[in-house]
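Visitor: Mind having a look at this structure? Questions to follow.
Coordinate-derived values only; no laboratory data. Because the structure is predicted, anything quoted here is derived from the model rather than measured. Here the Cβ is made from the backbone with ideal geometry for all residues, glycine too, and neighbour counts use every protein chain on show.
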């Protein structure tokens, strides 16, 4: 079994940087590139809700900006400010971004409420029948 604690800790640290004045629901993500680099992301809300960016996409966009294209896993944590942690699942747009860059069968999505309480899924499990770059060939 893989030890995901370090990745989950990074997601919790990222969550603390979230900007959530409207929902108060803070999400943190830690994306593991295949070279071992970890990219953190948090959700960033906007008064124009459509301009809000999720933690998962923030992590991916930071990594892509740095030239990374190969990823192994992402840990996602969330919960209301000052409240208990709850399972925070990637939205559909975030799942689609993952499908752009990740192997559906091997990329792992870790949904955690603590370092000890988490579940691991493949991207294919949480996004079956994805539209991916291979559909455009």
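Visitor: If each Cα of segment 5-136 is one equal point scatterer, what is log10 of I(q)/I(0) from the Debye formula at q = 0.10, 0.18, 0.22 Å⁻¹?
Guide: -0.28, -0.93, -1.34
Visitor: Further, regarding this structure: Using Cα pairs closer than 8 Å and at least 6 residues apart in sequence, work out the relative contact order for segment 5-136, in percent.
Guide: On the way: 284 pairs, mean separation 27.9, N = 132.
That works out to 21 percent.
Visitor: In whole angstrom, how far apart do the alpha carbon centroids of segment 64-119 and segment 1-60 sit?
Guide: One Cα centre to the other: 8 Å.
Visitor: By count of other Cβ within 10 Å, fewest leading, how are 98, 104 ordered? List each step's numbers first, then the result.
Guide: Numbers: 98 24, 104 18.
Neighbour counts put them in this order, fewest first: 104, 98.
Visitor: Let's test the formula: R0 of 22 Å, r as the Cβ-Cβ distance of residue 103 and residue 6. What FRET efficiency results, to the nearest 0.05?
Guide: Details: r = 22 Å, r/R0 = 0.98.
Efficiency, from the Cβ-Cβ distance: 0.55.
Visitor: Would you mind putting 112-119, 74-81, 58-65 in packing order, based on average other-beta-carbon counts within 10 Å, highest first? Before the final figure, lay out the partial values.
Guide: Numbers: 112-119: 14.9, 74-81: 23.0, 58-65: 18.9.
By packing density, highest mean first, the sequence is 74-81, 58-65, 112-119.
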